[in-house]
Amino acid sequence: MTATPRLALRGGPPVIDAPGPHFAWPPIEDRDVEAVTGQLLSAVSIPDRSGVIAALEDSLASFLGVRHVVTTCTGTAALHSMYAAAGIGPGDEVIVPALTFHATATPLFHLGARPVLADVDEHGQLDLDDAARRITQRTKAIVAVHLWGLPENMDALAAFSARHDLMLLEDGSHAHGATWRGQPVGSFGRAAAFSMNGPKPLSAG
Ligand SMILES: Cc1ncc(COP(=O)(O)O)c(C=O)c1O
């Protein structure tokens, strides 16, 4: 029996010795460069729902199976817009998973609302027993965050939000294209927000 070599981490020989970086995301192809260059030459500002903006919103709406998609400058702005559009305002409380990027919670402060952090389990999924303990008269909504591409249990969350009369919202920033029982994340709640910044699964740079 041959001995397993020591891991590089522990001073053994590295399996990959080519210099990094070994992986780049998003992949940039010639057609991406052509599309961006073509856009720069035709218009650098699109003030209405036309051109590439309309094309993106329409294709995302059909991909997600939702009626409306509105692009914003960042995922943080999308979350802010989603909360505002959902009618969340001063004094309202929204249950947010304690394990997420801070932007799931911070826009709520700008609306005078309060994020209430609920614990997550060992897979990063919302602990609904803990969430239930945090509901008050002021709780308006609960946010499902599909962290690292792993969909939340949407059966459980839909039942939970119906039982407690809470609006179900989603942050799908890590999970474009992920599905729960064949249905795309971002299509379960009253509304959903997605980031498309550099390293996201669907990247707009
Ligand atoms: C889960 C989650 N929500 C929201 C955001 C905010 O997105 P953006 O950086 O586009 O504002 C991020 C960004 O990393 C995120 O990871």
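What to note about this one:
- Only residues that are hydrophobic (A, V, I, L, M, F, W, C) and modelled with pLDDT under 85 were counted in the range 3-20, giving 1.
- Among (1) part of a helix (DSSP H, G or I); (2) over 14 Å from the mean Cα position of the chain (by Cα), the one test that ALA103 misses: (2)
- Any hit, the range 134-143, residues being within 11 Å of the ligand (Cβ to nearest atom), under 22 Å from GLY182 (Cα atoms) and of a type in the set (A, V, I, L, M): yes
- Count of the range 87-110 residues which are open to solvent by 10 Å² or more (accessible area, probe 1.4 Å) and within 16 Å of the ligand (Cβ to nearest atom): 9
- Test: residue in the range 63-70 that is closer than 18 Å to ILE142 by Cβ, modelled with pLDDT of 95 or more and hydrophobic (A, V, I, L, M, F, W, C): no
- Members of the range 139-168 that are open to solvent by 30 Å² or more (accessible area, probe 1.4 Å), without any contact (Cβ under 8 Å) to a residue 60 or more places away in the chain and in a strand (DSSP E or B): LYS140
- Being over 22 Å from SER203 (Cα atoms), of a type in the set (D, E, K, R) and over 14 Å from the mean Cα position of the chain (by Cα) is a description that does not apply to ASP32.
- Selection status of LEU202, within 14 Å of the ligand (Cβ to nearest atom), open to solvent by 40 Å² or more (accessible area, probe 1.4 Å), outside any helix (DSSP H, G or I) and of a type outside the set (Ser, Thr, Tyr): yes
- Filter result for THR72 (part of a loop (DSSP other than H, G, I, E, B), surrounded by 15 or more Cβ atoms within 10 Å (Cβ to Cβ) and either touching a residue at least 40 places away in the same chain (Cβ under 8 Å) or within 14 Å of the ligand (Cβ to nearest atom) (or both)): yes
- Residue in the range 49-69 that is within 15 Å of the ligand (Cβ to nearest atom), in contact with a helix residue (DSSP H, G or I) (Cβ under 8 Å, 6 or more places away or on another chain), assigned to a loop (DSSP other than H, G, I, E, B) and in contact (Cβ under 8 Å) with a residue 12 or more places away in the chain present: no
The values are calculated or read from the model by the stated rules, or taken from the named source; none is laboratory data. Note that the structure is predicted; figures quoted are calculated from it, not measured. Reconstructed Cβ throughout: ideal geometry from the backbone, glycine too, with neighbour counts over all protein chains shown. Keep in mind that these areas ignore ligands, DNA and RNA; they rest on the heavy atoms of the full protein, side chains included. Shrake-Rupley method; radii C 1.70, N 1.55, O 1.52, S 1.80 Å.
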